[in-house]
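The values are calculated or read from the model by the stated rules, or taken from the named source; none is laboratory data. Please read all numbers here as calculations on a predicted model, not as lab measurements. All Cβ positions, even for glycine, are placed from backbone atoms using ideal geometry, and neighbour counts span all protein chains on display.
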Ligand code: GDP
Ligand code: GDP
């Protein structure tokens, strides 16, 4: 086979990159204004998250990819998260909790010009109990004279404070070396992309959509809760439930069951929990309350699951409340608001009456199957050849960019890398994705397509 002007090593590298498994996750935690966001910007450099072209879905990204000394990892920036809604201590604790649940290592940032505060001490306790590796960043050491302030932070009992100036870059290299030592080569936790054990389901959706009712219904009907696994740090977070002869793990049910009656900040807290649950799951079941209009918040939750690359099922709950009129508008809303995930299996259920509960498991199985589908390279290229011949890319500047060949670099979710002779426009990429779905299924799964252009 010809490589059509691509260097074989370049091809291999591109496939490797597109197909890489889960990257280890580093969370950056600390009080407001200690310099978390400044540090994160320094770590990711110019490698800003690529904002994809996804109309109708609000993006709310806090995770970036970074690379240091040839190793890649994800950085979770907790700096941009709302600080005020919960009160300072609760907000910082929520960040730490999120980091504990989802990260492989933590950078704990302290403002060395201020020194360790009570809030800092409280976070240290949380982090210590979790047993995750922690790198202590003594930030705002802009010059030699600040070194003593950094040394004072030995008192936190987290080992060596790394004196850093996130603003100017001083000391960040040494600190990142320490980060690499702390991070495992690959994520160790049973996150979404880890293989083995019962399949992991996250029930997500905004408050009051019926998550808790649905969980009770499925758990109740089928001779329930096999077991409760103690969370590593606190309450039991996962539940094993037998459904249709198979044991499933519903992750982070503590977040569902625990009634959070905070007046303000409940949404904020809920969104942290959602992100944590999604990280741990293979498939997300997003509940939508059909008695209300589909909201931006619903879309944001869906986006979290899609961006995390999880399989997706949409459960339209409270179906028992629908009358003809609401049903008419709901159909329209689904068309306009959820067009981006038209590929996700839908079930119309009622956690109250038990309507169509039996359809949940088949929908989940379909989504997981799509998530794991692998298209052999030969078949893919036969398909691409026909597609390109039948529907060539529009001519731009007198040239016609062509997709030359491609391969599926990974699964869970499916990831493709296409090699092209010129820039492939977003519209044509979407067309390729649509045709891929028509041809190979991929029901219930996001798919990633990256395009390499011949120099
Ligand atoms: P966050 O709330 O923890 O994300 O903090 P930011 O990154 O927004 O930083 C808060 C303030 O501290 C900003 O004014 C930054 O410019 C400043 N800052 C951050 N890092 C440093 C540093 O290393 N040295 C100095 N002097 N200021 C810094
Ligand atoms: P969560 O906050 O997402 O866990 O939602 P809950 O399970 O606590 O449900 C919120 C409210 O919606 C409760 O009053 C439930 O009784 C009600 N609810 C849940 N599912 C249904 C349903 O299928 N139909 C109707 N009519 N009400 C429901």
**OP:** For residue 370, indicate whether it is touching a residue at least 40 places away in the same chain (Cβ under 8 Å) and assigned to a loop (DSSP other than H, G, I, E, B).
**Re:** no
Subject >> Within the stretch 105-119, considering residues that are more than 14 Å from residue 178 (Cβ to Cβ) and surrounded by fewer than 24 Cβ atoms within 10 Å (Cβ to Cβ), the one nearest to ligand 2 (Cβ to nearest atom) >> reply: 119
Subject >> Hits in the stretch 109-143 - residues which are within 12 Å of ligand 1 (Cβ to nearest atom), within 17 Å of residue 173 (Cβ to Cβ) and assigned to a strand (DSSP E or B) >> reply: 109, 137, 138, 139
Original post:
Conditions: (1) at pLDDT below 95; (2) surrounded by fewer than 19 Cβ atoms within 10 Å (Cβ to Cβ); (3) under 24 Å from residue 14 (Cβ atoms). Residue 386 meets all but one. Number of the miss?
Top reply: (1)
**OP:** Go through 277, 351, 270 for me and flag whichever is touching a residue at least 24 places away in the same chain (Cβ under 8 Å), more than 20 Å from the chain's Cα centre (by Cα) and within 15 Å of ligand 2 (Cβ to nearest atom).
**Re:** 351
Original post:
Would you pick out the residues in the stretch 310-333 that are buried (at least 22 other Cβ atoms within 10 Å of the Cβ) and not in a strand (DSSP E or B)?
Top reply: 310, 318
**OP:** Answer yes if at least one residue in the stretch 376-397 is part of a loop (DSSP other than H, G, I, E, B) and touching a residue at least 60 places away in the same chain (Cβ under 8 Å), and no otherwise.
**Re:** no
Subject >> Tabulated pairs, the stretch 160-172, first closer than 18 Å to residue 44 by Cβ and in contact (Cβ under 8 Å) with a residue 12 or more places away in the chain, second in a strand (DSSP E or B) and near ligand 1 (Cβ under 9 Å from one of its atoms), C-beta under 9 angstrom, 6+ apart or interchain >> reply: 164/109; 164/139; 165/139; 166/109; 166/139; 167/139
Subject >> Tally of residues being closer than 14 Å to residue 139 by Cα and either within 16 Å of ligand 2 (Cβ to nearest atom) or modelled with pLDDT under 95 (or both) across the stretch 174-183 >> reply: 0
Original post:
On the given criteria, is residue 76 closer than 18 Å to residue 305 by Cβ, within 17 Å of the chain's Cα centre (by Cα), crowded, with 22+ Cβ neighbours inside 10 Å and modelled with pLDDT of 70 or more?
Top reply: yes
**OP:** Within the stretch 236-257, count every residue that is closer than 16 Å to residue 209 by Cβ and modelled with pLDDT under 85.
**Re:** 5
**OP:** Please specify each residue of the stretch 82-141 satisfying the condition of being at pLDDT below 75, within 12 Å of residue 34 (Cβ to Cβ) and in contact with a strand residue (DSSP E or B) (Cβ under 6 Å, 6 or more places away or on another chain).
**Re:** 95
**OP:** Among the candidates 186, 284, 194, single out the residue that is at pLDDT 90 or above and either more than 15 Å from ligand 2 (Cβ to nearest atom) or buried (at least 22 other Cβ atoms within 10 Å of the Cβ) (or both).
**Re:** 284
Original post:
If only one of 66, 18 is more than 13 Å from ligand 1 (Cβ to nearest atom), part of a helix (DSSP H, G or I) and modelled with pLDDT of 65 or more, which one is it?
Top reply: 18
**OP:** Among what's in the stretch 281-305 and is over 17 Å from residue 319 (Cα atoms) and in a strand (DSSP E or B), pick the residue that is nearest to ligand 1 (Cβ to nearest atom).
**Re:** 284
**OP:** Take the residues in the stretch 120-138 that are under 12 Å from residue 161 (Cα atoms) and within 28 Å of the chain's Cα centre (by Cα), then tell me which one is surrounded by the fewest Cβ atoms within 10 Å (Cβ to Cβ).
**Re:** 134
Original post:
Exactly one of (1) within 16 Å of residue 313 (Cα to Cα); (2) more than 16 Å from ligand 2 (Cβ to nearest atom) is unmet by residue 392. Its number?
Top reply: (1)
Original post:
Quick one: in the stretch 412-439, which of the residues that are farther than 24 Å from residue 6 by Cα and in contact with a helix residue (DSSP H, G or I) (Cβ under 8 Å, 6 or more places away or on another chain) is surrounded by the most Cβ atoms within 10 Å (Cβ to Cβ)?
Top reply: 413
Original post:
Restricting the search to the stretch 144-159, which residues are farther than 21 Å from residue 100 by Cβ and either surrounded by 19 or more Cβ atoms within 10 Å (Cβ to Cβ) or touching a residue at least 24 places away in the same chain (Cβ under 8 Å) (or both)?
Top reply: 146, 149, 150, 152, 155
Subject >> Pairs, first in contact (Cβ under 8 Å) with a residue 60 or more places away in the chain and within 19 Å of residue 354 (Cβ to Cβ) in the stretch 200-215, second near ligand 2 (Cβ under 8 Å from one of its atoms) and part of a helix (DSSP H, G or I), C-beta under 7 Å, six or more apart >> reply: 203/211; 203/214; 203/215; 203/256; 205/211; 211/256
